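Undergrad: I have a structure I would like to understand better, so I am pasting it below and will then ask my questions one at a time.
The values are calculated or read from the model by the stated rules, or taken from the named source; none is laboratory data. Keep in mind the model is a prediction, meaning the values are calculated, not measured. Methodologically, a virtual Cβ is constructed for each residue, glycine included, from the backbone with ideal geometry; neighbour enumeration extends over all protein chains shown.
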Amino acid sequence: MSSAPQFKNPIVRWIDYRLPVFSYMHKEYRNYPMPKNLNYFWNFGALATIALVLLMVTGIVLAMHYTPHVDLAFDSVERIRREVNFGWLLQYLHTNGASMFFAVVYIHIFRGIYYGSYKAPRELLWMLGVVILLVMMATAFMGYVLPWGQMSFWAATVITNLFSAIPGIGEAIVTWLWGGFSVDNPTLNRFFSFHYLLPFVLLGVVILHVIALHVHGSNNPDGIDLTGAQDTVPFHPYFTAKDSVGTGVFLLILAVLVFYAPNFLNHPDNTIPANPLQTPAHIVPEWYFLPFYAILRAVPDKLLGVIAMFSSILVLFVLPWLDTAKVRSTRYRPLFRWFFWLLVADSILLGACGANAPEGIWLILSRTGTAYYFLHFLVLTPVLGLLETPRVPPTSINQPVLSAGAGPASSSHTSGDSQC
């Protein structure tokens, strides 16, 4: 791999000699060595970046036509859909793109948990990923308020009121968020400003996330360190082609939502203008907040519920130190694998609980799901790491392939091969 690529275009050479941006791109996104055994679950980081760029571009154009005023906001959104050229396409790309963004990021997170991508030396990479999730959630919540429909208004009222549970400073925080003593025009203006600003903050954290990724390189399904050039292939053309396949599937699903079911993931009450005098029968956030909403309502005390909800995200920060297993990948941890899929099922259950009223069987299930969620991270993850005897992973990425075709392998290698 040449450290100083020679570009044929004289203009590119002239620019690169003075500002080596093309050399950087050549090094980091063409010749960058990638583990050769990465599967399609490694597409989701690139898909998240594509979704973020899509949301920023459509959001900037939508902001040109949106009016952040309580008397005009709802009508301005309707005008965008009906009168602005291709406004309906921009608005549906933006709303459904947000759902796709969260879906991609959630899969990306579960992939990281399954393959142990948070373990040393990638702890800071993982923590930056959790920061990305938090900024995403704040941005999405504020964006949900902007259409100023019934669900937008009451979601803003309920969620901002949660901060009042913080002893001492809670009421001051709520007053600052509202810009007054109720959710009103100052609130909408603040949320619009933050919703426009935070994506640029998010982009900055994503850049730091990518830089941290390239320091030690990508993890791989076997969770082993690379032993040399025989374990890697250049990023281009192998993973640009592979990411292109994932991008095609991503865009196809997004197109189906935009053109055939644009409001499938939206709540019907948000097609009604906000009315402070009429409370909806059941206040529900967007689907990507539902598991955390279920955790919030599972605890009868308001302050403890808020603590539990935020702790469900903050616990991910310390996951690299909670996991005491000696191997990274769950591929070689057959017992832990069962509990991982139980965590996935539990998260889906919490989402269903968040979509239903907190009463009867749904309240019981949400409390059970909340208990298991924290049990998984705070008890099972460290205990299983100490008690479970994992299978022995291969010493290199090439080993499973070579040993399978080179005669009998040792029992430890065979057990690793069966998992690859």
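Undergrad: Is there any pair linking a residue in the stretch 248-268 that is assigned to a loop (DSSP other than H, G, I, E, B) to one that is surrounded by 12 or more Cβ atoms within 10 Å (Cβ to Cβ) and of a type in the set (Gly, Ala, Ser), with Cβ under 8 Å and at least six apart or on different chains, and which?
TA: Partner pairs satisfying both residue conditions: Leu265/Ser99.
Undergrad: Then there is this: Has the stretch 91-103 got any residue that is within 24 Å of Phe377 (Cα to Cα), touching a residue at least 24 places away in the same chain (Cβ under 8 Å) and surrounded by 16 or more Cβ atoms within 10 Å (Cβ to Cβ)?
TA: Taking every residue of the stretch 91-103 in turn, at least one turns out to be within 24 Å of Phe377 (Cα to Cα), touching a residue at least 24 places away in the same chain (Cβ under 8 Å) and surrounded by 16 or more Cβ atoms within 10 Å (Cβ to Cβ).
Undergrad: Regarding the stretch 378-396, can at least one residue be identified that is modelled with pLDDT under 90, of a type outside the set (Gly, Ala, Ser) and within 25 Å of Leu319 (Cβ to Cβ)?
TA: Looking through the stretch 378-396, none of the residues is modelled with pLDDT under 90, of a type outside the set (Gly, Ala, Ser) and within 25 Å of Leu319 (Cβ to Cβ).
Undergrad: Please enumerate the residues belonging to the stretch 1-55 that are hydroxyl-bearing (Ser, Thr, Tyr) and within 24 Å of His216 (Cβ to Cβ).
TA: Ser2, Ser3, Ser23, Tyr24, Tyr29, Tyr32, Tyr40, Thr49
Undergrad: Kindly provide the set of residues from the stretch 336-389 that are surrounded by 15 or more Cβ atoms within 10 Å (Cβ to Cβ), farther than 15 Å from Met309 by Cα and among the hydroxyl-bearing types (Ser, Thr, Tyr), ordered by number.
TA: Scanning the stretch 336-389 gives a single hit, Thr381.
Let's see how each residue does on (1) closer than 30 Å to Ser117 by Cα; (2) under 23 Å from the mean Cα position of the chain (by Cα); (3) surrounded by fewer than 16 Cβ atoms within 10 Å (Cβ to Cβ):
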| position | (1), (2), (3) |
| --- | --- |
| Gly179 | no, no, no |
| Val245 | yes, yes, yes |
| Val249 | yes, yes, yes |
| Asn266 | no, yes, no |
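Undergrad: Still on this structure, I have one more. Filter the stretch 22-71 down to the residues that are in the same structural domain as Val84 (by TED's automatic domain parsing) and among the small types (Gly, Ala, Ser), then identify the one that is surrounded by the fewest Cβ atoms within 10 Å (Cβ to Cβ).
TA: Top of the filtered list is Ala63.
Undergrad: Inside the stretch 150-216, counting only helices (runs of 4 or more DSSP H) that do not spill past its ends, which hold 3 or more residues that are in contact with a Phe, Trp or Tyr (Cβ under 6 Å, 6 or more places away or on another chain)?
TA: Where helices (runs of 4 or more DSSP H) fall fully within the stretch 150-216 and carry at least 3 residues being in contact with a Phe, Trp or Tyr (Cβ under 6 Å, 6 or more places away or on another chain), they are 170-178.
Undergrad: A further question on this structure: Regarding Ala357, is this residue more than 30 Å from Ser396 (Cα to Cα), in contact with a Leu (Cβ under 9 Å, 6 or more places away or on another chain), part of a loop (DSSP other than H, G, I, E, B) and in contact (Cβ under 8 Å) with a residue 12 or more places away in the chain?
TA: Taking the combined requirement at face value, the residue satisfies it.
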